[in-house]
Amino acid sequence: MRLASFFLVALTSCAGKGAAAPESTLAGKTSASPIVGGDGGTSAVPVASEPPSGSAATPHAPPPEPIASALPIDLGTKVPPFPRRAVLSDKGSTSARGAIPVPEGLASQIDPTLPFFAWEQVLLPRRVLTFPKHAGLDLYVVLFDGEVSIKGDDIAGKQKRLWRWNAARVPGLGAMVECKEPTRAIFVLVTNTPGGSLGDARQVAAQGQKVGWT
């Protein structure tokens, strides 16, 4: 009886020691990083062996591209001619004409299905290009060389002066663009109705809608 009890105790002890091995192996597989243990009551903390992917500390990261601090100042002589170009070289004043008012020679190039029409305007000193009022259009002007003054045709003494890389918006047209020195600029006529086209703007002109300012 005593011999049987001895073998039973021995087998139980062996079984207990053998059961611990799988748990230890499993723990080793599930923990990929070393563990630093603390004193009693301090939980173990995993230690990362390398920085995570995408971290700012990743070595060999390319430097950011430099950003230019300003636009080049000598682009005026390097910009090629715009596909549509008008040269105002005659003395005195010239008026843009038509249901979509543009300088002479450009009217046939207008696409009535588009919402805008753009061209390069060249002006010599002491020339004036006048745009009549138009309820359906706004004028945008961007200078890349020269100087102009934009004046309301019925607002005495009021003007806006533009230099290189200045821009202006003239709602409803009705303005004179007076050139101070040899100038190149981009002029854009834009419909002021959301979703509208130049063809729609022509209809507005045909209806004789008036434009005025306060």
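Just one of the listed residues (THR113, THR77) is among the polar types (S, T, N, Q) and modelled with pLDDT of 95 or more, and it is THR113. Of all the criteria given as (1) part of a loop (DSSP other than H, G, I, E, B); (2) more than 27 Å from the chain's Cα centre (by Cα), the one not satisfied by VAL204 is (1). Being at pLDDT below 95, farther than 20 Å from ALA99 by Cα and surrounded by 15 or more Cβ atoms within 10 Å (Cβ to Cβ) is the requirement here; does ILE155 meet it? No; evaluated as a whole, the condition is false for this residue.
To keep it simple, each residue is scored yes or no on (1) closer than 19 Å to ARG169 by Cα; (2) of a type in the set (A, V, I, L, M); (3) more than 33 Å from the chain's Cα centre (by Cα); (4) open to solvent by 60 Å² or more (accessible area, probe 1.4 Å).
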position	(1), (2), (3), (4)
GLY92	no, no, yes, no
LEU106	no, yes, no, no
PHE117	yes, no, no, no
GLU120	yes, no, no, no
LEU139	yes, yes, no, no
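Within the stretch 203-214, residues that are among the charged types (D, E, K, R) have Cβ atoms under 7 Å from residues that are modelled with pLDDT of 70 or more and open to solvent by less than 60 Å² (accessible area, probe 1.4 Å) in these pairs: LYS210/ALA135, counting only partners at least 6 apart in sequence or on another chain.
Return a yes/no flag: does the stretch 166-183 have any residue that is of a type in the set (Ser, Thr, Tyr) and open to solvent by 60 Å² or more (accessible area, probe 1.4 Å). Within the stretch 166-183, not a single residue is of a type in the set (Ser, Thr, Tyr) and open to solvent by 60 Å² or more (accessible area, probe 1.4 Å).
The values are calculated or read from the model by the stated rules, or taken from the named source; none is laboratory data. If you're wondering where the values come from, they're calculated on a predicted model, not measured in any experiment. Positions of Cβ are backbone-derived with ideal geometry, glycine not excepted, and every protein chain shown enters the neighbour counts. Only protein heavy atoms, including side chains, enter the accessible area calculation; ligands, DNA and RNA are left aside. Shrake-Rupley method; radii C 1.70, N 1.55, O 1.52, S 1.80 Å.
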